[in-house]
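Only one structure is covered here, and it is reproduced in the block below.
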Amino acid sequence: MEGIAAAQFGRRKLIHLVRHAQGKHNLEADKSRDPLTSFEYLDAELSPLGWQQVRDQRKDVCSSGLLKGIEVVISSPMSRTLQTAVGIFHGEDDEDSTTVHLPPIIAYELCRERLCFDVQIENEDDILWKGGDQIETHEAVRARAMKFTQWLWEREEKEIAVVSHGVYLQQAMIELIKNNLCYPLHNDPLSRFKNCEIRSVFIFSERITGAGSDAFVMKNTNRGRMRIPCEIEQLQIKDSAKENVSVEELEVTN
């Protein structure tokens, strides 16, 4: 089956997309404020609820077996994403971490938060500070996401977790689906990610052809009735509601 699938759908990788757990800036957003325009919340850490979400998700990835297959974790360099990545995939509370698979975690610029101003600005007094006036467009976010996807393809790992942000992940899915470069294992792939939610998706090295023919079949799954690629084995992956981190730098361009 593996050889047939590779021939029909090209090379593929399994990517687990993770939105960071609730951050302190999310609490401000719940109050009808825009934390993205506030320097105070630029690099917000996780809230108490966010830490609980991480602990719950850690238990889930371990019990489901998802953790065992992940070869590397790529995270946005923001504090809330790094805290989420380390908490879920390394689990600081584990009694015996030596017996648990600990994939390496890499912080990478191309999957960071939607930019609202120059990332080189150090404080609000900087002459370049313009608050939310210079927010990155959705088009620019999608272009950045495609550059990131290409970077993922150049890596040797076949199963990767990506910890990023809600807008970024949603725009990435829009672009991948528009270009027929992925197969999401989720019923509503374009919906907004919840905090600490994990969604899994196959990404392909080239466009999938025959989407309206026998390349796909309708099948009942634990996620409801879905279109499944005929030659790809359906993995039973459960969707779920700053140490040991290396950093790779790459300039972010709009």
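The values are calculated or read from the model by the stated rules, or taken from the named source; none is laboratory data. All figures in this text were calculated on a predicted structure; none of them were measured in a lab. Note that we place each Cβ from the backbone using ideal geometry, even for glycine, and neighbour counts take in every protein chain shown.
Okay, residues lined up against (1) touching a helix residue (DSSP H, G or I) at 6+ places or on another chain (Cβ under 7 Å); (2) modelled with pLDDT under 85; (3) assigned to a helix (DSSP H, G or I); (4) of a type in the set (S, T, N, Q):
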site: Leu110; (1), (2), (3), (4): yes, no, yes, no
site: Cys116; (1), (2), (3), (4): yes, yes, no, no
site: Glu124; (1), (2), (3), (4): yes, yes, no, no
site: Glu139; (1), (2), (3), (4): no, no, yes, no
site: Ala145; (1), (2), (3), (4): yes, no, yes, no
site: Trp151; (1), (2), (3), (4): yes, no, yes, no
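Condition check: surrounded by fewer than 19 Cβ atoms within 10 Å (Cβ to Cβ), touching an Asp or Glu at 6+ places or on another chain (Cβ under 6 Å) and at pLDDT below 50. Does Val217 satisfy that? No: the conditions fail for Val217. Collect the residues in the range 163-195 that are surrounded by 20 or more Cβ atoms within 10 Å (Cβ to Cβ) and in contact with a Pro (Cβ under 7 Å, 6 or more places away or on another chain), keeping them in residue-number order. The answer is Met173, Tyr183.
Would you check if Ile106 is β-branched (Val, Ile, Thr) and either modelled with pLDDT under 95 or in a loop (DSSP other than H, G, I, E, B) (or both)?
Answer is no for this residue.
So in the range 42-62, with the set limited to residues that are out of contact with any strand residue (DSSP E or B) (no Cβ under 9 Å at 6 or more places or on another chain) and in a loop (DSSP other than H, G, I, E, B), which one is surrounded by the most Cβ atoms within 10 Å (Cβ to Cβ)? Out of the qualifying residues, it is Leu42.
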